[in-house]
1. Restricting the search to region 127-177, which residues are within 23 Å of Ala232 (Cβ to Cβ), part of a loop (DSSP other than H, G, I, E, B) and free of Cβ contacts under 8 Å to residues at least 12 places away in the same chain?
2. Quick one: in region 251-296, which of the residues that are touching a His at 6+ places or on another chain (Cβ under 7 Å) and in a loop (DSSP other than H, G, I, E, B) is surrounded by the most Cβ atoms within 10 Å (Cβ to Cβ)?
3. Please work out if Ile2 is open to solvent by less than 30 Å² (accessible area, probe 1.4 Å) and touching an Asp or Glu at 6+ places or on another chain (Cβ under 6 Å).
4. Filter region 5-26 down to the residues that are over 25 Å from Leu209 (Cβ atoms), of a type outside the set (A, V, I, L, M) and not in a helix (DSSP H, G or I), then identify the one that is least open to solvent (accessible area, probe 1.4 Å).
5. Hey, any hits in region 122-145 for a residue that's open to solvent by 10 Å² or more (accessible area, probe 1.4 Å) and over 26 Å from Met1 (Cα atoms)?
6. Which numbered condition in (1) open to solvent by 10 Å² or more (accessible area, probe 1.4 Å); (2) closer than 22 Å to Val193 by Cβ is the only one that Val150 fails?
7. Scan region 232-277 residue by residue and report those that are in contact with a Ser or Thr (Cβ under 9 Å, 6 or more places away or on another chain), at pLDDT below 95 and of a type in the set (Ser, Thr, Tyr).
8. Could you grab me the full set of residues in region 306-328 that are farther than 14 Å from Arg250 by Cβ and open to solvent by less than 10 Å² (accessible area, probe 1.4 Å)?
Amino acid sequence: MIYLSCFSLVCAVGYSAASASAALQAGIPAFAETVYRDGNGEPIIGAAVEAVEPHVRGSERLLGLVRLALGEFESEFGGRLPRGRMPLLLCSSETERPGARLSDIVGRLRFPAGSSSGNRRPTHVANGATSVFQAIRMARAHLAEPGTEVCLILAADSLIDARVLHWLDRTHRLKTSDRTDGIIPGEAACLAVVSREPLSDDRVSVRGLGVTTESATVLNEEPFRADGMTAALRAALQEAGLAMHDVDFRLSDVGGESYAFEELVLAQTRLMRKVRSSQPLWHPADCMGDCGAAAGLTQLAWAGQAFQRGYAPGPVAALHASSAFGQRAAAVVTAGE
């Protein structure tokens, strides 16, 4: 078993995991007009981090987000980390998608002492929202090595970027003044610790992981049956030794597209074998927009806060992530021990 804890989260609704999760739980959105305009000349609505000035764009904007997250992490959790080697895994947007990535700015960042020390460089995982789940699997392998007690996962992304917005608009995926079925762009940076022992009260235990691909994506016309998400969720449940009806609530990276909502419903109905009265579905994007590669750690941070503060519907949660280019991932997590 491994634990994720010590979440440092910077997003449009808060500059810590506790404040952001409180806003998400209260349903307080952070949507406002951005400096960008759609094809009709109307301002694009997004969820930008106010601490990063609107005129800061591209890789400089991503750099600002990450520095905020690293600063919070050092002040809150730096002293809790054990000494020794800490592999660092960096989660970015898909290589096929335009926009800034962590690989563009990693040389300008100062990470916690001990991370990726020696000859080992940070590992980059560039698969969008599914990157975090793949990074957790890699971290689990690192923790099996002698001398490695913790790993660090950093996920950061910004859709408040002219290149990304143009791409979303061109592929008919951006929510605009004349398109209601689309994404509201957001941005976030999140840092978390993966360890063999729990390090903080906001921890979650990762019981199962599933990572797969889907051939029928939002960018093509193939028949859609949610095979990829179903397979990823089934694998996570099997590894956890649980069934779909054992899950108390679910979290997802759905950002507003009907395609993504339908995928979640199809995956649930294909795996549910017993009736249960309630299984709530939480969407961080309802308040903070689509945060791309940072969406996975955002879900985990909110789940950790919900477990710690006692407002989770139960002790078992299922998390979902998808990419427009076909990657699918799921995880089953529980509270504490």
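The values are calculated or read from the model by the stated rules, or taken from the named source; none is laboratory data. Computed from a predicted model, the values in this text were never measured in an experiment. When we count neighbours, we look across all protein chains shown, and the Cβ atoms used for this are built from the backbone with ideal geometry, even at glycine. All accessible areas refer to the heavy atoms of the entire protein, side chains included, with ligands and DNA or RNA removed. Shrake-Rupley method; radii C 1.70, N 1.55, O 1.52, S 1.80 Å.
1. Scanning region 127-177 gives a single hit, Ala144.
2. The extreme case among them is Asp253.
3. no
4. Per the stated criteria, the residue is Gly14.
5. There is no residue in region 122-145 that is open to solvent by 10 Å² or more (accessible area, probe 1.4 Å) and over 26 Å from Met1 (Cα atoms).
6. For Val150, the failing item is (1).
7. Tyr259
8. Ser323, Gly326, Arg328
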